[in-house]
Structures are given as structure tokens and as C-alpha cells.
Amino acid sequence: MSLIQFYNVTKIYPPNITALDDLSVKIDKGEFVFLVGPSGAGKTTFIRLLFREEVPTRGQILIGGRSIARLRRKEVPYLRRNIGIVFQDFRLLPEWTVFENVAFALRVIETPAREIRPRVEKVLERVGLSHRARMFPHQLSGGEQQRAAIARAIVNNPRILVADEPTGNLDPATSREIMKLLEEINYQGTTVIMATHAWDIVNSMRKRVIALQQGRLVRDDREGAYGYEV
Ligand code: ADP
Ligand code: ADP
């Protein structure tokens, strides 16, 4: 059974904007998937549906075999705990240190206080940021800020890591380092879904590529390249 299953998913925003059009796709545990397509293709909508920030107009979404359409309100936070997310603009809280930014993700899920420090230290080591734990976001480079954001996203061991243009604000060398880190996280078992316009990265990594265009799946390649028709 696939970890993520979309069955004939259509999303129409009022009054009649079709953001996803009869999309069926499966993503297995442990996959690394690039989500590509021009602006307006439906990538953000796909991500919002995964988190259940939106619900499909038609069709079904299963995660771990469970329909997320029928989750009760109280169950939504449990779904979201299984999905970490990082953004192009990092979204760290500026008045908190790196340590506190990461610890926050554990505090909100009521992790016992004595577990927080060792877990934060461990994840900062994993992303290569132990030496920056006491610094504030503005004291870090862009790449370091993205590492901190990745640490925050994975500290509670989500099954899925979603990265929305994670290299969009980074130079090519730093982008490659971030991609190496995402690949390592993926090798350790986390399913990674990355929406991107970075064709050079997609072309060099030869991972699965799901291409959307006007809400439709136009390509799904096992070891794909970037290009899509415009
Ligand atoms: P992408 O992330 O690939 O740029 P989106 O999922 O953001 O694509 O957008 C897909 C389509 O849905 C676009 O036409 C966009 O304008 C529209 N759309 C996205 N969000 C909303 C919304 N909240 N209300 C209305 N239309 C929206
Ligand atoms: P953009 O406009 O650049 O696409 P958004 O602000 O819409 O960026 O956010 C990007 C994606 O991140 C969206 O698809 C949204 O569903 C997701 N997202 C935003 N906030 C959260 C959150 N608190 N938890 C989980 N996902 C989120």
C-alpha cells in the first residue's frame, strides 16, 4: 500500500477555478519526488490538500491507507505531525534562537521537557548546525537558516517531508548542500516531496518527477528531468 494515494482528485476554488483536475497519483514510503510545473499548475494546492488545509472538491486522498477527508477536527493535528514542511523563506521566528525554534516544534506536541534538549541537539547535529544553536536567525547565512528550518521540520520524525521551493532563496552551491541534506533525510526513510522550479537540481538528481500543468498530471517519470511543455 502506498503511503500517499490521490484518487481522481479535483479541486475547484470558488467561483470556478480548477486548480487540480482529476489527479490520480501514488507515492510510496521512502520515495523522493520532485513536483514541477509552471506557476498556477497546482503544486501549492497539492501541498495544501496533503496537510488538509484544503479538502478536495471531488476524489479521495489516503495517507497511510486512511482517508483524510473524513478526519475529525481533533485528528487533523495528528495528520500534520506526520508531515514536516519547509519553505523558500525559511519562516524561523526571528526573536528565538535556532535551538528555541527547533524546540518549539516539540513543545507544541507536548513532548516531555526532559526529552526536548537531547532531541534538539541530536537533530541540529544531523543537519550540521550544532555550532549555531545559540544564534538568532539573522546571524545565520541563508543556507544555515534553511538547515534550521529543516531541523524544525524533522525533529519529531515525520513520515513525510514537504519542501516548497526550499532552494529558491539560495545560491547554487548552498542549494546543492541543502539537496544533499534532503537526500540524506530521504535515505533514512523519510518520504520527501519537493516542489521546485530549479531545473538544474531536478536534472542532476534523477529522482521521480511529477509534472503538473493546469491542474493535470502531464508527466510522471521514475528518474526524470525537469522540462515540461509551456
Ligand atoms: P502553483 O503552486 O503550481 O503555482 P497553485 O496551486 O497555487 O499552483 O494554483 C493553481 C490554480 O489555483 C491557479 O490558477 C491559482 O490562481 C488558483 N488558486 C490557488 N489558490 C486559490 C484560492 N485560494 N482561491 C482561488 N484560486 C486559487
Ligand atoms: P506560496 O504562496 O509561495 O505558495 P504559501 O504561503 O501559500 O506559499 O505556503 C506554501 C505551502 O505551505 C502551501 O501549500 C500551504 O499549504 C503550506 N503551509 C502553509 N502554512 C502551513 C502550516 N502552518 N502547516 C502546514 N503547511 C502549511
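The values are calculated or read from the model by the stated rules, or taken from the named source; none is laboratory data. What you see is a predicted model; the values in this text were computed from it and never measured. Neighbour counts run over all protein chains shown; Cβ positions are idealised from the backbone, glycine included. What goes into the accessible areas is simple: the full protein's heavy atoms, side chains included, and nothing from ligands, DNA or RNA. Shrake-Rupley method; radii C 1.70, N 1.55, O 1.52, S 1.80 Å.
Here the range 106-230 yields Rg over Rh of 1.02, to two decimals, using C-alpha coordinates and the Kirkwood radius.
Can you flag which of 11/180; 74/180; 26/122; 29/180; 122/207 are past 26 Å Cα-Cα? Pairs exceeding 26 Å: 11/180; 74/180; 26/122; 122/207.
For the chain, what does the relative contact order come out to in percent, with C-alpha contacts under 8 Å and a separation of six or more?
On the way: 433 pairs, mean separation 64.4, N = 230.
Once normalised by length, the contact order is 28 percent.
Pairs of Cα atoms nearer than 8 Å and 6+ residues apart set the relative contact order; for the range 92-157 it is 49 percent. Given their separation in residues at 0.36 nm each and the Cα-Cα distance between them, residue 72 and residue 115 gain 12.6 nm when the chain is fully extended. Here the accessible area of the range 1-74 is 48 percent carbon and sulfur, with a 1.4 angstrom probe and all protein chains present.
Scanning the chain for GluC sites (Glu not before Pro) that sit in a DSSP loop and have at most 10 other Cβ atoms within 10 Å, the longest stretch containing none of them is 111-222. Here the convex hull built on the C-alpha positions of the range 156-230 has a volume of 109 cubic angstrom per residue.
Counting only protein heavy atoms and a 1.4 Å probe, the chain has 50 square angstrom of accessible area per residue. Rolling a 1.4 angstrom probe over the range 92-157 with all protein chains present gives an accessible area of which 52% lies on carbon and sulfur atoms.
So what's the convex hull volume per residue for the Cα atoms of the range 92-157, in Å³? Present the calculation step by step, with values, prior to reporting the outcome.
Working: hull volume 4.8 nm³, N = 66.
Cα-based convex hull of the range 92-157, divided per residue, equals 72 Å³.
Here the range 152-230 and the range 32-78 have alpha carbon centers that stand 17 Å from each other. Of all the stretches in the chain, which is the longest one without any exposed loop site, taking trypsin sites (Lys or Arg not before Pro) in a DSSP loop (any state but H, G, I, E, B) with at most 10 other Cβ atoms within 10 Å? Free of exposed loop sites, the longest segment is 135-221.
Using the Kirkwood radius over Cα pairs, work out the Stokes-Einstein diffusion coefficient for the chain at 4 °C and 1.567 mPa s, in µm²/s as a whole number.
Working: Rh = 18.2 Å.
Calculated translational D: 71 µm²/s.
The Cα trace of the range 2-58 gives Rg and Dmax of 11.5, 37 Å, the first to one decimal, the second as a whole number.
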